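Below you'll find the structure, written out as structure tokens, and then a few comments.
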Amino acid sequence: MRLARVRAIAWKEWREILRDRLFFTMAFVVPLLIMLVLGYGLSLDVENIPFAVVDHDRSEASRAYIQRFSGSRYFDFVGYVERDADLQPLLADSRIRLGLVIPARFERRLRGDRPVEVQALIDGMFPFRAQTTKGYLEAIDAEANRELLGDFLKRRKGLTVSRAARVVAPVRLAQRYLYNQAIESRWSIGSGLMMLVLMVSPPFLTALGVVREKESGSIYNIFASTVTRGEFILGKLLPYVGVSCLNILLLWLIATQLFGAPFKGDPLFFFLASLVYVVCTAGIGLLVSILVTTQVAAVLLTMVVTFIPAMLYSGLLVPVESMSADARMQAYLFPPRYFLEIVWGSFLKGLGWTDLWVPVAVLAGYAALLWSIGLLAFHKRPRR
Amino acid sequence: MRLWWRRMRVMTAKELLQLSRDPVLLIIIAWFFTADIYIAGSGISMDLRHASLAVLDQDRSEASRELVRRFRAPYFHFQGGLDSPREGIARLDAGESMLVMEIPPRFERDLQAGWPTEVQLQVDTTNTVLGTLATAYAARIVARFGEERALRALGIDRAQLAAMPRIVDRHRVWYNPNQIDPWFMSISELMTVITMLALMLPAAAAVREKERGTIEQLAVSPLTPFQILFPKVIAMALAILLGTAVALFLILLPVFHVPVKGSLALFFVVTALYTLAVSGLGLFIATISRNLGQVSMLVIVVLLPMLLLSGAWTPPEAMPSALRHAMVLSPLYWYIDLGYGILLKGAGLIVLWDSVLGLAALGILIFLFGIWRFRRQFG
């Protein structure tokens, strides 16, 4: 391993990156864009659920009941429809997500101290949204019922209003949110996205860098030269790791400044851990570049092996503990899960070396494994 | 005219041949339409499952035990009792528990005396969605517990409940009554895959000609720009439609048992229309880039906002209103409406005609724009 040769290759690669203006800007713009678009757009809050009502009663009580929905920020009143059957096409066309059917004699039954059934049709297309809608619906009904019950007790048992309210709800749940007190989903998603971006962008750059030479045939110059495969790979990948290091800083700035995520941990530790992660994901790109011969294939394969694991199996959206056994195994197999632990530990929980050395060690081991496989599988004498 | 058709046929055959000669690419495309959709569809559930709960019970009474018992599987996973508050914090820090509940001493006595009492819940909100979801579930459980206790204290039993004013919730969830996540996830992933490949493949095929210089040969041939570009789109669209069929009949139907309610023929027509529209966007990308590195970067730049703003992952209703209007420009926005509408909701043309029209208009516009750009470059 001669350092001079590594330096020469790295320098050549760097010049090449610089000369391809569009590619160079994209190397920085794409990570930024992913971060910004997902950071602002990946909102899982279920709000403004559009709903329509069939009101067969048209009384004061039924209007008050509808007001409970339209008054909350979770629901968005679209309008009344005449018949029950009118709800179906609206749901099928996704114009509404919830349809309420209030029966005739709604008010009279409640006045007469009798239960009344309200029908709700929920669009189950997006299960998570349906589940949440159901939760809101139950909460609104529960509140209405508590008021009805309090009123009932006041009339029947002669309790005062405040006493009746206390009797109806004797236990209160006092919740305290830890680590993300304001429940800013942007803090969690914004910082967590560093994991996603750094999983996707370094392999892209490295894989394209190597496969481009393969496809254009300029790699034969390397094959014919005295450069060893170790020197080639190292020199080739160094500039891309360098670009990714700059990206770490940029992304960190976006997460803390733009998304306002607090950084409670040790910056030096976090930067070093990120570096290990970038080296590890660049190794994925190296393996991809050895498997394929065309750039299209390189791009698509990189997408396959990085995006889905980082998005779905990292714990960004669903904690690893709540996954099914198979999914959990996949989560432990890929590196993103470990880095996400480091990111959230450093950002939100303020943890450092003592608590997070295990994931860092796993990532380092992963990187060593990927790079050694890459080194062994890369041949200067292609079989074809 | 016969010559025109023949040229189109020959060019399409050439594209298909070229595609079939890259086995790695073919394997990757096959992977996208099968394994990738399977992976995305299985195993991921956005619902609250096994939220780990530890309890510091300072009362150790019958009432406190009953409350804890109500935190049941599959939503909660009861991990056991704690001895001190510090232990709870340590468990939360280490990520071993997501929730720590603290029941105060004299809980039962306060309840019986009718004094207001409070149960404390500490929630790990690193994942905000599940944090809030777990809190909402917990609040509901505690409220119901309190209400039932109160009714019991007042001597009101089930039979008397019928003689009380209350609203009974009769809800039904349509299209996916049991909220089976794979139905949603697999269709969503199928649409994502179609979008990505429809952007990528024609763009790649066009730029490869540029990179290798073979575009010059085509440019001096009697072929018009349309005849050069459109066969690429047809060839890739055929591959994508075939992939969609594979995904539907090998993964979505037999593995996930997605109940297809609408007309599959309509779905394929709509998919073909959508593929054409997105390919036009891909051709546009091909005209502004010189090599595949640039193409792939630009594809990501176009793909991500499109996926995100069209309601593939997040509900369009939750978007700021300015963005909601911008979404009309994304073909995926229309396609999602159509795809779910046809596959899950069984909607037909009568309900969906406006979306089909929107998609068609947008597709033709984008496609003409792509061709126009290309003609300016090589015409």
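Criterion first (touching a helix residue (DSSP H, G or I) at 6+ places or on another chain (Cβ under 6 Å), at pLDDT 85 or above and at the interface with another protein chain (Cβ under 8 Å from one of its Cβ atoms)) does B:Ile28 satisfy it?
Against the criterion (touching a helix residue (DSSP H, G or I) at 6+ places or on another chain (Cβ under 6 Å), at pLDDT 85 or above and at the interface with another protein chain (Cβ under 8 Å from one of its Cβ atoms)), B:Ile28 qualifies.
Scan the stretch A:132-176 for residues that are of a type in the set (Gly, Ala, Ser), touching a helix residue (DSSP H, G or I) at 6+ places or on another chain (Cβ under 6 Å), open to solvent by 20 Å² or more (accessible area, probe 1.4 Å) and more than 7 Å from chain B (Cβ to nearest Cβ) and jot them down.
A:Ala165
Which is among the charged types (D, E, K, R), free of Cβ contacts under 8 Å to residues at least 40 places away in the same chain and within 9 Å of chain A (Cβ to nearest Cβ), of B:Glu148, B:Glu118?
Being among the charged types (D, E, K, R), free of Cβ contacts under 8 Å to residues at least 40 places away in the same chain and within 9 Å of chain A (Cβ to nearest Cβ) holds for just one of B:Glu148, B:Glu118, which is B:Glu118.
Being within 30 Å of B:Leu309 (Cα to Cα), touching a Phe, Trp or Tyr at 6+ places or on another chain (Cβ under 6 Å) and more than 8 Å from chain A (Cβ to nearest Cβ) is the requirement here; does B:Val193 meet it?
yes
Filter the stretch B:230-252 down to the residues that are modelled with pLDDT under 90 and either closer than 18 Å to B:Phe32 by Cβ or outside the structural domain of B:Ile37 (by TED's automatic domain parsing) (or both), then identify the one that is nearest to the chain's Cα centre (by Cα).
Looking at the filtered set, the residue picked out is B:Leu252.
Identify all residues within the stretch B:317-363 that are in contact with a Lys or Arg (Cβ under 9 Å, 6 or more places away or on another chain), within 17 Å of B:Lys261 (Cβ to Cβ) and in a helix (DSSP H, G or I); write none if there are none.
Those that are in contact with a Lys or Arg (Cβ under 9 Å, 6 or more places away or on another chain), within 17 Å of B:Lys261 (Cβ to Cβ) and in a helix (DSSP H, G or I): B:Ile342, B:Leu343, B:Val351.
Can you tell me how many residues within the stretch B:133-182 are among the polar types (S, T, N, Q), outside any helix (DSSP H, G or I) and closer than 24 Å to A:Gly150 by Cβ?
0
Quick check on the stretch A:44-51. Is at least one of its residues under 26 Å from A:Met199 (Cα atoms), in a helix (DSSP H, G or I) and either within 14 Å of another protein chain (Cβ to nearest Cβ) or open to solvent by 70 Å² or more (accessible area, probe 1.4 Å) (or both)?
Within the stretch A:44-51 (the criterion being under 26 Å from A:Met199 (Cα atoms), in a helix (DSSP H, G or I) and either within 14 Å of another protein chain (Cβ to nearest Cβ) or open to solvent by 70 Å² or more (accessible area, probe 1.4 Å) (or both)), the answer is no, since none of the residues qualifies.
Give the stretch A:27-43 a look and list any residue that's open to solvent by 20 Å² or more (accessible area, probe 1.4 Å) and at the interface with chain B (Cβ under 10 Å from one of its Cβ atoms), or say none.
Scanning the stretch A:27-43 gives A:Val29, A:Leu33, A:Leu36, A:Val37, A:Tyr40, A:Ser43.
Yes/no matrix, rows are residues, columns are (1) among the aliphatic types (A, V, I, L, M); (2) surrounded by fewer than 24 Cβ atoms within 10 Å (Cβ to Cβ):
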| position | (1), (2) |
| --- | --- |
| A:Gly260 | no, yes |
| A:Lys264 | no, yes |
| A:Leu268 | yes, yes |
| A:Leu275 | yes, yes |
| A:Cys280 | no, no |
| A:Gly283 | no, no |
| A:Val288 | yes, no |
| A:Ile308 | yes, yes |
| A:Tyr313 | no, no |
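Which residue pairs have Cβ atoms under 7 Å apart, sit 6 or more places apart or on different chains, and have a first residue in the stretch A:167-179 that is touching a residue at least 24 places away in the same chain (Cβ under 8 Å) and a second that is open to solvent by less than 20 Å² (accessible area, probe 1.4 Å) and among the hydroxyl-bearing types (Ser, Thr, Tyr)?
Taking only residues 6 or more apart or on different chains, the pairs are A:Tyr179/B:Thr125; A:Tyr179/B:Thr126.
Can you tell me which residue within the stretch A:86-113, out of those that are modelled with pLDDT under 85 and outside any helix (DSSP H, G or I), is farthest from the other protein chains (Cβ to nearest Cβ)?
This residue is A:Arg95.
In the stretch A:238-250, is there at least one residue being surrounded by fewer than 23 Cβ atoms within 10 Å (Cβ to Cβ) and of a type in the set (Phe, Trp, Tyr)?
No, there is no match, as no residue in the stretch A:238-250 is surrounded by fewer than 23 Cβ atoms within 10 Å (Cβ to Cβ) and of a type in the set (Phe, Trp, Tyr).
For the stretch A:179-205: of the residues being open to solvent by less than 20 Å² (accessible area, probe 1.4 Å) and closer than 30 Å to B:Ala143 by Cα, which is modelled with the lowest pLDDT?
Checking each candidate, the answer is A:Asn180.
Tell me yes or no: at least one residue of the stretch A:291-304 is without any contact (Cβ under 8 Å) to a residue 24 or more places away in the chain, open to solvent by 10 Å² or more (accessible area, probe 1.4 Å) and more than 8 Å from chain B (Cβ to nearest Cβ).
Looking for residues that are without any contact (Cβ under 8 Å) to a residue 24 or more places away in the chain, open to solvent by 10 Å² or more (accessible area, probe 1.4 Å) and more than 8 Å from chain B (Cβ to nearest Cβ), one finds none in the stretch A:291-304, hence no.
Those residues that are open to solvent by less than 40 Å² (accessible area, probe 1.4 Å), touching a helix residue (DSSP H, G or I) at 6+ places or on another chain (Cβ under 8 Å), farther than 19 Å from A:Arg129 by Cα and part of a helix (DSSP H, G or I), I need them from the stretch A:63-85; list them, please.
The one that is open to solvent by less than 40 Å² (accessible area, probe 1.4 Å), touching a helix residue (DSSP H, G or I) at 6+ places or on another chain (Cβ under 8 Å), farther than 19 Å from A:Arg129 by Cα and part of a helix (DSSP H, G or I): A:Tyr65.
Do we have A:Ser314 as under 26 Å from B:His50 (Cα atoms) and either in contact with an Asp or Glu (Cβ under 6 Å, 6 or more places away or on another chain) or of a type in the set (Ser, Thr, Tyr) (or both) here?
yes
For the list (1) surrounded by 20 or more Cβ atoms within 10 Å (Cβ to Cβ); (2) modelled with pLDDT of 85 or more; (3) more than 22 Å from the chain's Cα centre (by Cα); (4) more than 7 Å from chain B (Cβ to nearest Cβ), I need the number of the one condition that A:Leu208 fails.
Answer for A:Leu208: the failing condition is (4).
For the stretch B:51-122, which strands (runs of 3 or more DSSP E) that fit wholly inside it have 1 or more residues that are open to solvent by 70 Å² or more (accessible area, probe 1.4 Å)?
B:76-81
Can you tell me which of B:Pro259, B:Pro254 is without any contact (Cβ under 8 Å) to a residue 12 or more places away in the chain and open to solvent by 10 Å² or more (accessible area, probe 1.4 Å)?
Result of the check over B:Pro259, B:Pro254: B:Pro254.
From the set of residues in the stretch B:326-363 that are within 30 Å of B:Ala219 (Cα to Cα) and touching a residue at least 12 places away in the same chain (Cβ under 8 Å), which is least open to solvent (accessible area, probe 1.4 Å)?
That would be B:Gly363.
Mind counting the residues in the stretch A:323-362 that are more than 14 Å from every other protein chain (Cβ to nearest Cβ), surrounded by 15 or more Cβ atoms within 10 Å (Cβ to Cβ) and over 27 Å from A:Gln257 (Cα atoms)?
Qualifying residue count, the stretch A:323-362: 1.
Taking the options B:Pro165, B:Pro182, B:Pro177, B:Pro105, name whichever one is out of contact with any strand residue (DSSP E or B) (no Cβ under 9 Å at 6 or more places or on another chain) and at the interface with chain A (Cβ under 7 Å from one of its Cβ atoms).
One residue alone meets the criteria, B:Pro177.
The values are calculated or read from the model by the stated rules, or taken from the named source; none is laboratory data. Just so you know, these numbers come straight off a predicted model, no measurement behind them. Heads up, the Cβs are rebuilt from the backbone with ideal geometry, glycines too, and the neighbour counts pull from every protein chain shown. Accessible surface areas use protein heavy atoms only, side chains included; no ligands, DNA or RNA. Shrake-Rupley method; radii C 1.70, N 1.55, O 1.52, S 1.80 Å.
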